[in-house]
Each structure stands twice: as C-alpha cells, then as structure tokens.
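Here the structure is laid out as structure tokens; the discussion comes afterwards.
The values are calculated or read from the model by the stated rules, or taken from the named source; none is laboratory data. Only a predicted model underlies this, so the values are computations on that prediction, with no experimental measurement involved. As a convention, Cβ positions derive from the backbone with ideal geometry for all residues, glycine included, and neighbour counts pool all protein chains shown. To get the accessible areas, we keep the full protein, side chains included, count just its heavy atoms, and leave off ligands, DNA and RNA. Shrake-Rupley method; radii C 1.70, N 1.55, O 1.52, S 1.80 Å.
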Amino acid sequence: MKRRLILCLMLMLLPLLAASEHELFREDFQSLSRWKNVYFPKIPRHTLYSAVKDGEITCLKAESRDSASLLVFREVFNPYAYPHARWRWKVDNLLPRADLTTREGDDAPIRVYIAFAYDPKRAGILEKAQYEAVRLLYGEYPPHSSLTYCWSSRVYPRDIITSAYTARAKMIIKEQGQDKVGVWEAEEADIIADYRRAFGAEPPEKATIGIMNDSDNTHGAAVSYVTDIAVFR
C-alpha cells in the first residue's frame, strides 16, 4: 500500500517536474535580487521599480513620472535553447500623448524587452568600429538588436513597429488602448519566430530580458505591474 501511494504521488508530480525542467527561470518578484537597474545617458529622472503585493499577487510595480530606466535580469540566456517567454502584466493608466512611431511619443506604461548581445565575430569592419566607439564611450557594448513587447497607449493597424530611434529595435504590440486597463493579462512570446518576422534574419545566440515603464518623452506618468515572467523551452 505504501509503495502504491508513493508511486501515485510521483505520477501526480511528473507534469510539475517536467514543467520546471523546461523553464530556465521564473520570477514572481518576491525581491529584486536577480535584477539590476540600467540608466540611460541624458535622462535624469528614473523609473521606480519595487517588489510589492497587488492583493494576493506578488509582483513588480513600475512607476514612472517624466522618467525612464530599465530593469534587467542579471543572467544571459540562449534563445535557441529557451525560445519562449511568458508573463502577466497590468497597467493602471495609459499615456495619452504617447505614439510609438515617433521620437516625441516613444513612451509606454509597460514593456518587456528581449535584448540580443552584439557578437564581434559576426560583425563587419564598419559595424565593429561603431560598436567599439560606443564601448569606449559607455564602458560596454550596446545590444545588437532588440524585441520589445509593448502595452501601447495608442491603437495601431499593425503589430510590429520599428523604433523611431533605430532600425535595430522592433516593437511588438501585445495590448493596446483602454479596454483592458486595470486588468491582469497573460502574454506569451515565441522569441525566435518573432525575431525572424520582425528582422527577417536569425537572432544572435545570447540574450537578456528586461522590463521598462517610461514616460520621459511625453512628460507623463504611469503605473504598471508585472509578475510570473519566465523564459522556457
């Protein structure tokens, strides 16, 4: 009887064990110990990120007020080994003046970034020179490219927008407009497929994940939340 009970328990746990083996990490923001703040040159005001509870949900709270900064997971991952991401998020408000197609309006109440690392071995002579110049100025290489999953304040007729600042950044609209403000929404992303669709190329083999709430271009303010963010097979 005891052996049968143990076997039954093991069979019940198999789906949970399999799911955990497929995840590289999952974060519900009990703390921010695995995350670091990244600040941008010439942006003096920074978004405030804190680990809080929204009712019974443990989550990240992001508060911007005419500010911008990025919260980045400290570990790098291989998107070919772990090509999927998922998370839940909520916004308390939108930014009425935001427009992701312009520099003046390039703000969003919440974004999830996948930034792909620059690889000197894959770069041409001109690209190497450009990246070396940036590294000498700021102390590290900028990303090769990025996908940004956005909750947009404005409704667009397409779901992929090229950044007004650089063609190396593509924004993928996950949520937009007023309909779901104040509601927790679950999202999932196929990183490799989205990169191919956005850039028409294969992504680099190293990536990081980040979160941002920014309102510096529109001089507005926004509050948003993220939880259960994971990278998995």
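Brief remarks on what is shown
- Any hit, segment 74-91, residues being of a type in the set (Lys, Arg), surrounded by 21 or more Cβ atoms within 10 Å (Cβ to Cβ) and touching a residue at least 60 places away in the same chain (Cβ under 8 Å): yes
- Pair list, Cβ under 6 Å, 6 or more apart: segment 54-66 residue on the phi < 0 side of the Ramachandran plot and hydrophobic (A, V, I, L, M, F, W, C), other residue in a strand (DSSP E or B) and surrounded by fewer than 16 Cβ atoms within 10 Å (Cβ to Cβ): none
- Scan of segment 94-121 for residues that are open to solvent by 60 Å² or more (accessible area, probe 1.4 Å) and either at pLDDT below 70 or under 16 Å from the mean Cα position of the chain (by Cα) (or both), ordered by number: LYS121
- Top-ranked residue in segment 182-221 [being within 18 Å of ARG65 (Cα to Cα) and either under 13 Å from the mean Cα position of the chain (by Cα) or not polar (S, T, N, Q) (or both); ranked as surrounded by the fewest Cβ atoms within 10 Å (Cβ to Cβ)]: HIS219
- Scanning segment 38-51 for residues that are of a type outside the set (Phe, Trp, Tyr) and in contact (Cβ under 8 Å) with a residue 12 or more places away in the chain yields VAL38, PRO41, ILE43, ARG45, HIS46, THR47, LEU48, SER50, ALA51.
- Flag not set for ALA169, criterion: free of Cβ contacts under 8 Å to residues at least 40 places away in the same chain and open to solvent by 40 Å² or more (accessible area, probe 1.4 Å).
- The condition of being in a loop (DSSP other than H, G, I, E, B), among the basic types (Lys, Arg) and modelled with pLDDT of 95 or more holds for only one of ARG196, ARG154, that being ARG154.
- Tabulated pairs, segment 8-37, first under 28 Å from ASP54 (Cα atoms) and of a type in the set (Lys, Arg), second at pLDDT 50 or above and exposed (fewer than 10 other Cβ atoms within 10 Å of the Cβ), C-beta under 8 angstrom, 6+ apart or interchain: ARG34/ARG74; LYS36/ARG74
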